[in-house]
Every structure is written in structure tokens, then in C-alpha cells.
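Step one of this worksheet: look at the structure below.
The values are calculated or read from the model by the stated rules, or taken from the named source; none is laboratory data. Here the structure is a predicted model, which means the values were calculated and not measured. Here the Cβ positions follow ideal geometry from the backbone for every residue, glycine too, while neighbour counts run over all protein chains shown. Protein only, heavy atoms only, side chains kept; ligands, DNA and RNA dropped before computing areas. Shrake-Rupley method; radii C 1.70, N 1.55, O 1.52, S 1.80 Å.
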Amino acid sequence: MLTVLRIAFRRLANAPVFTSTAVATLAICIAANLTIFAVVDALFIRSLPFPHADRLVTMYYLYPKMPSAVPGASITNYYERRGKIPAIQSLSAINENTSVIGESGSTSIEELGRVTPEFFRTLGVPLFLGRAFSEAEMTYLTDHEAIISYEYWRSAYGSDPSVIGKIIRMDGDRKKIVGVLPPRFRFLSFRAPVYMPLSTEESERNVGARHAVGTILIGRLAPGATLAQAQAQIDGLDAALAPLFPDAKLIAEAGTHTVVAPLQSDFVASVRPMFILLQAAAIFLLAIGGANLVNLLLIRASNRSREIAIRQALGAGRRQIIADVVAETMLLSLGGALAGLWLGAVAIHFLGLLGADQLPLGAEITFNPRVAEASLLLAALVGVGIAIPGVWFNLQNRLAVALNAQTRGGTSGSTALRLRRCFIVSQVALSFVLLAGAGLLGLSLRRAMAVAPGFRADHVITGQFNLTWHGYPVLDSFHKFFDRLSDQTAALPGITAVGAATAIPVGPSGSNVMTVRGYAPKGGEAAFLVHDAVDVAGDYFAAMGIPLVSGRFLRPSDSAGKELTCVVDEAFARQYWPDGSAIGKELSQGVQRGPNVEYFRIVGVVGTVKQSNLTERKSRGTVYFPYGRDYARQYYLVARTSLAPEFVANMLIQAVRATDADVPLTHLRTMELRLSDSLSGRRSPALMAGIFAAAALLLAAVGLYGVMAYAVAQRIREFGVRMALGAQSLDVLRLVFLEGVRLAGIGLAVGLVLALVLTRFLASDLYGVRPNDPLALAGVAVLISLVVCFACLLPARRATKVDPMVALRAE
């Protein structure tokens, strides 16, 4: 066997062009599949790092007839359901939040997980040090404990083994450390350095707050229990508890029901279709590369047919011929696999530049042994696959025909020629499908980037800050902070307007049910009308560049005045008063009834902005409230500047610190960058699909060129005879060129049919473009036609250079 491999290696070394082309083709195809498989593995295949992670489920409300409502669960759900669902062994809850951590003057905003006592037990995670929270610590008066991550323990406390009992300052309060989590702990994509009890008061967990969603419920199935059993039991419990809710009838009319789903698959559900399609695209690319390799190997086998015939005449058996072919293909596969592993590792490293780390579980995308093993297995399968046609061709070889054909300069067998032509047709067809998909995704991305966000994003910088309960316990303290902050920022050079808000466009936004006074829902309209709710301060609208349509903006006096006021956007105004003015109308937050309802009077209408993302099909409508009307603690600072936004970042940080040394300003980014990042979920697949399509087109062009060049070389005598009998160069050019174009034309026709069928699966991921968009498909057809013409023209021109006398004298 070693001798066979040594001979095969020597033959490949003596054909450097063929070998390098084959290895490069394999490397590109394997690297593409390796890169996408690394994403698929991290998101969909590899289990979460918990014992028996497949037993973990999440549960949340869906509101089918209330499309603007956000799916989710509430703290009330946790208290109503725990211990009452036999199929759920352990039920827990988590709220993902942020906290100001550190001593005065050196604080920072960090992620904070607020969890129930059994949260870590539900996940199956034992603490590295200390204990979990207790039931008694679940109130605002008793939540004085904290659990820190292993990494935070090492960085902040130097791995001090006596850390239990030490004090950590959070939101201005002193908390006692009672536990340390194990190394590398994470919950899905959430990596908080500190966890605290999910403390509540009675009003947050009573029946009236049942649909105040915003909490994540996590359950572990009991031994032997199934997902279907858990779903049935929760449905039964919901039915028993439903009448207790004050607006049970309206909730029922909205089609409300609880979904029980596997934790991991539900978390990545939004990106699953796109990456399944990208994995299919990578497999298509592999098929194109495989067809290319088969063509190269068949051409090589045809050139060696005389040699093989002589060896058979001298006694070489079928087994030896098969061993030679398999040895060559396996060496090529090994070389392609090693090069593909290196190229794939580089590609995976650069996935973060495409925004892959912002995907659900995207931080877990790595080049690991499992990805490498899958790539080597794929290379082995490809090696076997491409060896089969070569083995077949050599075993079909007839001694007399092979010896005759080679000495007389004839063409190869018609069967092998038809096979090579079929591969060319398949390459062009698959390339058309990949290019069509990439073109649609690219066109969709371009149209998404061209969407007007509803505000002026240029020269705007944003950052986040938190106001703590300890430092700002009453509304009056809110007002004083913003007054001081306005004074600090007004004197900064280059700043033209500064404001703050609890949410900014294309970012996380808050929502609430709004009740418009005197409005009765129309037929088919949900009884609960959910809209985005934003608290604003300062010159927020001027800083963000949101235009005023009618009325006036909110003023600082609206925050402390006796009259409750608000501003709505055009989408909200059109929904309720399509033929009239919204100014002077009134609304309340939530579903409120009775004589003591607090109504906000609308004093202005502003332009509609893209609150959730640039590609939202329909705005939910936004209501802007004056800051300080509730106890929102997390704000975005928004500043418009006449200078480059990056130049004022440090000045803003210092201005906030000067206002309050305990309040840090973090995550400073320009609004243009936030807009760009909001499209990363579309940009990454579009770029990857474009790279695959470009590689596919290159491979198809190389394959077509190779087959046509070989065909020309085999027909040198024929062309010589034709030209000796009077054929002109243009006639020979047309003969060869049209043969290549005919094959490509068949491939284009097949590819168009496939594209019309397969691009339908992209429909949900496209924006502003149809799956069968004629402009995109026509562009792809033109591009492939140009490449095909170029690939066919070169061999055709070579055929016209044949000297009839030289060709007729050739053996």
C-alpha cells in the first residue's frame, strides 16, 4: 500500500498544475462547508453547557390576534406555575438587566442577572464556592446578597478563597457575596459577572401582573416526562387560572396561549432558516467543486488511457488499477482537507468582522476538534465520491481502442464525453442558483440600507447610563440630576443638542398597552393595543433629529408639571385619528378603568422612526412621555455635535461623572454605527452567500474552460482537416464557441427552474424584493453568460491558431 501511495504521490508531483488546481478547488469547498458548519454546530447542534441540556425548556405567552404584543412570560407566571406542573421537575426565572458596579468615581455598567433561588439548580450548575439564593431573599427589603462569576472572582478579587462574605457595591448599595459560579458559566448569550435575587413586591407578582411580560422562564423536564405532557399540563393550568385575570375575556379573544419549547432551539429559532440555507449553499458549492474535480480526473484518465492499456496488457489487474486511482484521489483529498482546514480556521476567525458574534450563541462559534473532524470526514467522502467515475472510466477502457485512439489522435469515448458535459451543465445550473440567492440577499440588504430611519443619524453619538435606587429614590431627585446634566453638557464645545431617553431607535425598546380615551377597537382589531413607550428628557428630539409634525415637543416643565402630557408619532396618530388631529386627545398606560385613571394629554405629533429595526414592516406607533413620570432607571444619552462625534465622547463621559461620580457613561457609539450594526443579521448571510456564489462561478468557469480546452486539444486533427478543406478561422471559432455556449445555455435553463423553486425559501429573509425578482434573475443570467463566453472564447481562439499541415502530420 505504501508503494502505491508513493507512486501516486510522484505522479501528482509531476503534474503540478493539475494537482494545485485540484487541491485549491477542494480547499475552497471544504473551507466554505467548515465555516458554515462551525456556525451551525455552535447554534443548532452543540448542546448548551449544562447536564442533560435537552431536558431544558422555556415557556412564554403568544398573542396571535395581537400582532404588536411581545411574546414573553411574567414573574406572576413563575409564582403561579412552580410546583404545579408534574412534568416540570424544576421551574425558575431570570431577568436580564444591568447594574452600576464599583466604588464611587470608578463605577462601570455591567450585565446583571436577577434569578430565582432554583435557577442554577434547574440548569444543573453547582456553585464553585458558596451557596445559591434562598426564598427569604426574594424581596426588596431582603435582597442583600450577590453571586459572582468565576471570571469576575479572578479579575476583581484575585481568586481570593475567602471571598464569601466580602462586600460588593452595586447601584450604590452594599451586597454580600454568597457564591461563586463555576468557570466559563454562561446562560445562552448572557454572560453577567454578577447575579442577584429576582426580588419583587406583591404588586409585581399578583394576578393583575400576569401579562406584564419581560421575564424568562426556564424549566427542566421531570424524568420520563415529555414536552407534549408539559404543554398539556400548562394548558390545563392556564385554563383553570384564566378566569382570575381581570380582563380574562379580552385575553381569550386575543388567542393567548402558552408555548413550551426546547430552550436552545427556541433561542436560535430566528436564524435557523437562514443558516440552513447557507449550509445548503455550501453543499452546492461542494457539488460544483466535486464536478470540477471529476472533470479534471476524467480528462487526466483520458490522457493516461494508453498508459493504463499498456499496464493492463502487461498483466496489471483490476484491483491494482482501482488502487492507483483511489490512492491519487485520497492524496488529493488529504491535501485539500489540510489546506481547507487552514483556510476555514482563518474564515471562522474573521466571522466576527461580519457580525456573527451578534447572533444568538454567536460568541460560541469557534474552530474546534469536532469541526475539524467533520471536515476531514467530508474530505474522505469527497475523495471516495470523485474516485468512483475515475475507476469506472479506467475499468471500461478497452486495450485495442485505447492504443489505437492514442496513436491516431482521436477523441475520447463518447460516454466519458457525455458525462463531462453533464457535469458542466450541473455546475452552471448550481452556480445560477447560488448567484440568484446571493443576488436576492444583496439586493435585499441594499434596500434595507436605503430605508429612511425617520431621524438624522449623522453627527449623533449615544451612550448608556443608569440611575440607581440608592442615589435617586424619589422623582424630585430625577429632575435635579437632569437639570445638572443639562448645565454640564450645555457648555461643551461642539455640542448643539443633548437629550436622554429610555430607548433609542434600532435598539431594545419598551412597550406597553395604551388605552386611548373614547376609542373603541374596530372589528378584527385586538382589544389590547400595544405600542412602544419611551421616556425622554432634555432636547431629545432635536438631538436625534426627529421632526415635529404638529403641536410642540415636550418641555422640561412637563416632567414636574401637574398636567400629564405626552407626544405621539405619526403612526400612532394615523391609527386612531386618520382623518383628524391627535392634539388634545388623551391616553393612559395599561388597561385602566374607573374614575381614578390618569390620562396623558397629547401635545405634539412627531415623525415616525424605526424603533425596533430598519426593516420593520409596520410601526407599532410610539408614545413619548416626560422623564420622571415613572421609575425608569436605564437611559441613553443622545448628543448632536457639529464636530466628529468621536471627538466629544470623552467630554460627555466627564460631564456625566461631574454630574454624579457614581454614574458612568458607557457603550458610546455613533448613531450611524448603530444603524449599520442593526443590519448585521442581514449583512453577514448576504456576504457569505456572495462569497460562496463568487467561488461557485469561478469553479464553473474553470471547469468549462478545462473541458473546452481539452476538447480542442483532442480535435486538433479534425480542425486541421476542416481548415485544409477551406474552413475559415471564424468557422472554427464559431464551432467551438457555440458548443460551449450550448452547454452553458442548458445549464442556465436548468438553473433558472431550480432558482424559481428554491429561492422561495428565502422569502422570509428578504426585504423589499420578491424571491423571483426578474431584475435579480436577469442580472445573474447576464453575469453567468459573460463569464461563460469568456471561458469558451479562449479555447475557441486556440482552435483557430491550428496549422493544418502540422495538425495533419501529428500522430
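Below is a table of values for the structure above.
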| item | result |
| --- | --- |
| Label-point separation in nm, residue 103 to residue 753, each point 7 Å along Cα→Cβ | 7.6 nm |
| Solvent-accessible area per residue for the chain (1.4 angstrom probe, square angstrom) | 44 Å² |
| Surface share of carbon and sulfur [accessible, 1.4 angstrom probe, percent] for the range 658-790 | 70 percent |
| Dimensionless Rg ratio for the range 430-564, taking C-alpha atoms and the 2.2 N^0.38 Å reference | 1.47 |
| Three-way shape call for the range 1-114 based on the alpha-carbon gyration tensor, with the a/c threshold at 1.5 | prolate |
| The range 96-185 pair-distance distribution - Cα-Cα, 10 Å bins, rounded % | 16, 52, 30, 2 |
| Surface share of carbon and sulfur [accessible, 1.4 angstrom probe, percent] for the range 151-220 | 48 percent |
| Cut-off 13 Å between beta-carbons: net charge of the residues surrounding residue 473, Lys and Arg +1, Asp and Glu -1 | -1 |
| Protection proxy ranking of 604-616, 356-368 - average other beta-carbon atoms within 10 Å, highest first | 604-616, 356-368 |
| Charge sum, other residues only, whose C-beta stays under 12 Å from residue 611's C-beta, Lys/Arg counted +1 and Asp/Glu -1 | 0 |
| Percent accessible area from carbon and sulfur atoms, the range 16-61, protein chains only, probe 1.4 Å | 68 percent |
| Between the range 738-756 and the range 174-212, the alpha-carbon center distance in angstrom | 59 Å |
| Loop chymotrypsin sites (Phe, Trp or Tyr not before Pro), the range 420-473 (other Cβ atoms within 10 Å of the site Cβ: 16 or fewer; DSSP) | 469 |
